[in-house]
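Student: Handing you this structure, nothing more for now.
The values are calculated or read from the model by the stated rules, or taken from the named source; none is laboratory data. The structure presented is a predicted model; accordingly, all values stated were derived computationally and were not measured. So basically every Cβ, Gly included, is an ideal-geometry build from the backbone, and we count neighbours across all protein chains shown. When the accessible area is computed, the model is the full protein with side chains, heavy atoms only, and any ligands, DNA or RNA have been set aside. Shrake-Rupley method; radii C 1.70, N 1.55, O 1.52, S 1.80 Å.
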There are 2 protein chains.
Amino acid sequence: GDVAAGKAKSATCAACHGANGISQIPMYPNLAGQKEQYLVLQMKAFRDGERKNMVMSPMAKPLSDDDIANLAAFYASLDPAGK
Amino acid sequence: GDVAAGKAKSATCAACHGANGISQIPMYPNLAGQKEQYLVLQMKAFRDGERKNMVMSPMAKPLSDDDIANLAAFYASLDPAGK
């Protein structure tokens with residue numbers, strides 16, 4: 001995926017997952033430096049209803065495959081320590 | 001949870017998630033430095049069938065609440081960069 005396009009798309013995600021991919025909310029996961037393929041699988045699972053969460057499912061619903069690839073590339077590219 | 005007890009319990013988990021919590025397998029998530037509460041929620045979801053994965057579900061099945069609390073504390077305590 002395209003990191004820059006993913007960053008642009010991530011504005012909404014930052015509210016829960018943090019602008020640097022480190023979540024401020026204990027129930028929500030850090031995404032910084034996470035495995036790119038794992039992120040793709042989870043976003044698709046939420047989008048397609050295989051994995052359900054009251055907050056995350058509606059967030060994933062409108063995402064295209066390209067959005068998902070770009071967001072995954074973006075978060076995987078972030079420093080896992082959030083710096 | 002108890003980090004030392006979690007570390008002892010994590011021997012099986014290390015095969016996929018890495019001894020340092022950084023997975024060697026692109027489909028499996030890094031757990032190092034992840035949010036403790038998020039880890040508890042996911043292990044319980046896998047154990048109780050709310051979240052399903054062919055590999056992870058049987059791993060979570062036998063875990064007690066204490067095991068889960070200890071494993072979550074252990075992985076949350078690890079350096080997110082895996083050092």
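Student: Residue by residue through segment A:25-54, note down the ones that are among the β-branched types (Val, Ile, Thr) and under 13 Å from the mean Cα position of the chain (by Cα).
Tutor: A:40
Student: Okay, next question. Considering each of B:57, B:77 in turn, give the residue that is small (Gly, Ala, Ser) and open to solvent by less than 40 Å² (accessible area, probe 1.4 Å).
Tutor: B:57
Student: What is the residue count in segment A:32-50 for residues that are part of a loop (DSSP other than H, G, I, E, B), within 12 Å of chain B (Cβ to nearest Cβ) and open to solvent by 30 Å² or more (accessible area, probe 1.4 Å)?
Tutor: Within segment A:32-50, residues that are part of a loop (DSSP other than H, G, I, E, B), within 12 Å of chain B (Cβ to nearest Cβ) and open to solvent by 30 Å² or more (accessible area, probe 1.4 Å) number 2.
Student: Applying the selection to segment B:15-31, what residues are assigned to a helix (DSSP H, G or I) and open to solvent by 30 Å² or more (accessible area, probe 1.4 Å)?
Tutor: Answer for segment B:15-31, where residues must be assigned to a helix (DSSP H, G or I) and open to solvent by 30 Å² or more (accessible area, probe 1.4 Å): B:15, B:16.
Student: Between a residue in segment B:61-83 that is at positive phi and any residue that is at pLDDT 95 or above, which pairs come within a Cβ distance under 6 Å, given they are 6 or more apart or on different chains?
Tutor: Close Cβ pairs (under 6 Å, with a partner that is at pLDDT 95 or above) amount to B:82/B:20; B:82/B:22; B:82/B:32.
Student: State all residues of segment B:58-83 that are hydroxyl-bearing (Ser, Thr, Tyr) and under 20 Å from residue B:18 (Cβ atoms); if no residue qualifies, say none.
Tutor: B:75, B:77
Student: Please specify each residue of segment B:61-74 satisfying the condition of being open to solvent by less than 40 Å² (accessible area, probe 1.4 Å), more than 14 Å from chain A (Cβ to nearest Cβ) and part of a helix (DSSP H, G or I).
Tutor: Passing the criteria: B:67, B:68, B:70, B:71, B:74.
Student: Of everything in segment B:1-12 that's surrounded by 19 or more Cβ atoms within 10 Å (Cβ to Cβ) and not basic (Lys, Arg), which residue is nearest to residue B:73 (Cα to Cα)?
Tutor: The qualifying residue nearest to residue B:73 (Cα to Cα) is B:1.
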